[in-house]
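A short worksheet on the structure shown next.
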Amino acid sequence: MIIVMKPGASREHIDRVMEKIQGFGYKPHPIFGTDKTVIGAIGDERGKARLESLLTCDGVENVVRILKPFKLASREFHPAPTVLNLGGVRIGEGSFTVMAGPCSVESEEQLLAIAHEVKKAGATILRGGAFKPRTSPYAFRGMEEDGLKLLALARQETGLKIVTEVMNPRDIDICMKYADMLQIGARNVQNFSLLTEVGRAKAPVLLKRGMATTIEELIMSAEYIMAEGNMEVVLCERGIRTFETATRNTFDISAVPVLKKLSHLPVITDPSHATGIWDLVAPMAKASLVAGADGIIVEVHNKPEEAFSDGPQSLKPATFAALMQELRKLAEIENKSM
Ligand code: PEP
Ligand code: MN
C-alpha cells in the first residue's frame with residue numbers, strides 16, 4: 001500500500017504515520033518529493049484493512065493499493081526514475097553508462113592492459129569476474145581474492161569503478177572490499193538468500209535476468225534486494241534461452257522498454273552474453289541505446305583467442321573503441337550523456 005501525504009504535510013504528521021505503519025507490523029519506506037511525500041508500507045497483504053484506517057490520520061491525502069506484485073521496485077510507488085551515483089559515475093535516466101572489461105580476471109598484465117584500453121575509449125566502469133559461474137566444474141572458475149585485488153589495482157591506476165560478480169553470501173564482504181558494485185549473475189537471479197544478503201549489504205547491485213526468468217520474476221528478484229532497504233539496483237537484460245540456436249541466447253530487446261515502464265530502476269543490457277558472438281555485439285549495443293537502455297555491460301579482451309572464458313563474444317579494444325564512437329553519436333540524438 002502507498003500512503004500519499006497531503007502537499008505540505010508536516011514532518012510530525014509524516015513521522016506519526018510512519019510510527020503507525022510500523023505498529024501494524026509493516027516496514028515504512030518514505031519518499032520525500034518536492035511537492036508531496038509518499039510512504040510505502042511493505043509487508044503482508046493481510047493487514048491492509050488496518051493500513052486503510054490511516055486515511056483518518058492528519059496529513060494523509062490517500063491510501064492506495066499497489067496492484068503489481070512488486071512494490072518498492074514499481075513505477076506506481078516511485079514514478080521518478082532512480083539514478084545511481086557510483087562515486088561520480090551516473091547510472092540511470094539521461095545517461096548511457098558503459099561497463100567494459102574481460103569476462104574473467106586472468107592476470108595483472110591482462111587486466112591492466114584491458115582496463116587502460118576501455119578507459120581510453122570512454123568506459124567508466126570496469127567489469128571482470130573473480131568468481132566465475134561455469135557450466136563445467138573443470139573449467140577456470142576465477143582467481144577469487146587475487147582477482148579482486150587486481151581489480152582494485154586497475155581502479156587505482158585508471159579511476160574506473162569496478163563491477164564484479166558475487167556468487168555466494170560468504171563472499172559479499174570480500175567483494176565489497178575491492179569493488180564498487182556487486183553483480184548477481186543470471187544463474188543466481190532467484191537465489192533468494194543471496195539476494196537478501198546483498199540487500200542487507202547496501203552495496204549497489206547489478207542484477208542480471210536469468211536465462212529462464214520472466215520480466216516480472218526479474219523485478220521480483222530486485223524487490224528481494226530492496227525489501228532489505230537497498231534501493232541501489234540496476235536491472236540487466238542479458239538474453240534468454242529459446243529454441244533459437246544461431247545465437248548463444250535470444251536478446252529480448254523489448255524487455256528494455258517493458259522494464260522501464262514497470263519499474264523506476266535503471267536498465268542496462270549485456271549484448272555480449274545475449275548474442276555470444278563478437279560481431280553481433282555492436283549492433284545490439286546500439287539497438288539497446290535507441291531502445292532506451294541506460295547503459296551496457298560489454299566483454300572486451302586484448303587477446304580473445306586466448307581468453308579463459310567467453311573469448312568468442314569478446315570485442316578487441318579497437319572494435320570496442322569504434323563502437324564507443326558510434327554510441328556517442330546515438331547518445332547525442334537520444335539526449336543521453338556519455
Ligand atoms: C558474466 O557476466 O560473465 C556472466 C557470467 O554473465 P551471466 O550471469 O549473464 O551469464
Ligand atoms: Mn562472460
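Just so you know, all these numbers are worked out from the coordinates, no wet-lab data involved. In this text the structure is predicted, and so the values were computed from the model without any measurement. We place every Cβ from the backbone using ideal geometry, glycine too, and count neighbours over all the protein chains shown.
Just to verify a result, which residue in segment 98-117, among those that are among the β-branched types (Val, Ile, Thr) and within 15 Å of ligand 2 (Cβ to nearest atom), is surrounded by the fewest Cβ atoms within 10 Å (Cβ to Cβ)? Looking at residues that are among the β-branched types (Val, Ile, Thr) and within 15 Å of ligand 2 (Cβ to nearest atom), I get Ile114. The residues of segment 93-134 that are more than 16 Å from ligand 1 (Cβ to nearest atom) and out of contact with any Gly (no Cβ under 9 Å at 6 or more places or on another chain), listed by number, are Glu93, Gly94, Ser107, Glu108, Glu109, Leu112, Ala113, His116, Glu117, Lys120, Ala121, Gly122.
When the residues of segment 288-314 are filtered to those that are among the hydrophobic types (A, V, I, L, M, F, W, C) and within 22 Å of the chain's Cα centre (by Cα), which remaining residue is surrounded by the fewest Cβ atoms within 10 Å (Cβ to Cβ)? Outline the logic, then answer.
So the first thing to find is which residues in segment 288-314 are among the hydrophobic types (A, V, I, L, M, F, W, C), and the list is 289-291, 293, 296-298, 300, 307-308.
With within 22 Å of the chain's Cα centre (by Cα) added as a condition, the list becomes 289-291, 293, 296-298, 300.
Values: Leu289: 25, Val290: 13, Ala291: 18, Ala293: 27, Ile296: 26, Ile297: 26, Val298: 27, Val300: 28.
Per the criteria, the residue is Val290.
Scanning segment 96-113 for residues that are farther than 15 Å from Thr164 by Cα and either small (Gly, Ala, Ser) or part of a helix (DSSP H, G or I) (or both) returns Ser107, Glu108, Glu109, Gln110, Leu112, Ala113.
Screening Leu259 on (1) under 26 Å from Leu72 (Cβ atoms); (2) touching a residue at least 60 places away in the same chain (Cβ under 8 Å); (3) in a helix (DSSP H, G or I) shows it passes everything except condition (2).
The numbered conditions (1) more than 27 Å from Asp270 (Cα to Cα); (2) touching a residue at least 40 places away in the same chain (Cβ under 8 Å); (3) among the aliphatic types (A, V, I, L, M) are all true for Ala73 except (1).
Taking Pro266, is it surrounded by 24 or more Cβ atoms within 10 Å (Cβ to Cβ), touching a residue at least 24 places away in the same chain (Cβ under 8 Å) and more than 16 Å from ligand 1 (Cβ to nearest atom)?
Working: surrounded by 24 or more Cβ atoms within 10 Å (Cβ to Cβ): yes; touching a residue at least 24 places away in the same chain (Cβ under 8 Å): yes; more than 16 Å from ligand 1 (Cβ to nearest atom): yes.
Yes, satisfied.
Only one of the listed residues (Arg200, Arg187) is within 16 Å of ligand 2 (Cβ to nearest atom), in a helix (DSSP H, G or I), surrounded by fewer than 24 Cβ atoms within 10 Å (Cβ to Cβ) and not acidic (Asp, Glu). That residue is Arg187.
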